[in-house]
């Protein structure tokens, strides 16, 4: 694991809002009514500890936490306010939730053996099921995010295909398990699918724009080459003092880009602010990096999430499989002391 970045500023006060407090109370009351208050407390504690693992990963990578969200009757989720910086970060953050949850389960099982309290063993079995279920490779479960990161690191097409497979798997899972689970997984899985689709289209637009600009400026369709050619061209025009020519050339590029269906541009950088008559093109002043400091330059420099290296991919896959084995072993060991369902009955 790489050294963490300096943590982004985080105002922790917004994480506990009156709305979230009410949802937490509603969550507790729902499961108290459904099973019992003891089970409700155990479930909430298990989910919170699991999500604290995700939160620790989010902060490790210098990201901000948007909030903890109780979703009665579905569960609890922690959301990042910032996008994942790499596929490795996405995988590590996803795995840390079940890792913390299984650690709590192992500790609970150990406490059951030390105290001779069989109910604690049943609770440990429940924690094994809860975290083991999250390791199923179906998006948006934690295991699904890991599988998606691995698939995208092998091939973007494979990653995109895996999201579709995950949605189909969620439908099958919901049919055999519970329609409530089905609704949650489909809803969140579809949101994840749309987010990846947007990123896929942005990269396609970026490639198309690079090809267009490379033809206009007679250079290679590579980000660095295009930015250098544009920078030299516009610096020369600005030094010539012909502002009308600068504006005309920018307008030509705007028309070229507008012809790319689906690409909406707010482009380039000029020595002054320039705005087309229809206000569709807003320009920023030249920065120390020239065109690279403009909205267009930043868009061209933008890349998809850096994939897992082969070594990282093997490590993530090994951790994922290892945690599944731990979850199964913990469930088997704890259930031999007291079956999970019997413990749930006693906790009513």
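You can think of it this way: the chain between residue 348 and residue 158 has 63.8 nm of extra reach, that is 0.36 nm per residue less the Cα-Cα gap. Normalised by the residues of segment 13-113, what does the relative contact order come to in percent, with Cα pairs under 8 Å and at least six apart? About 30 percent, as a whole number. Ranked for footprinting exposure by Cβ neighbours inside 10 Å, fewest first, 133, 187 give 187, 133. Placing dummy labels 7 Å off each Cα toward the beta-carbon, the span from residue 172 to residue 256 is 4.9 nm. Working from label points 7 Å from Cα in the Cα-to-Cβ sense, the residue 317 to residue 20 distance is 3.7 nm.
Fully extending the segment from residue 64 to residue 222 would add 53.6 nm, taking 0.36 nm per residue of separation and subtracting the current Cα-Cα distance. Distance from the C-alpha centroid of segment 111-127 to that of segment 291-326: 39 Å, rounded to the whole angstrom. The residue 113 and residue 301 beta-carbon pair, evaluated with R₀ = 45 Å, returns a calculated FRET efficiency of approximately 0.20. For segment 22-145, the C-alpha radius of gyration sits at 1.10 times the compact-globule guess of 2.2 N^0.38 Å, with N the residue count.
Read-outs throughout are calculated quantities, based only on the coordinates presented, and are distinct from any laboratory measurement. Note that the structure is a prediction, hence the values are computed from the model and not measured. Cβ atoms come from the backbone with ideal geometry, glycine included; neighbour counts cover every protein chain shown.
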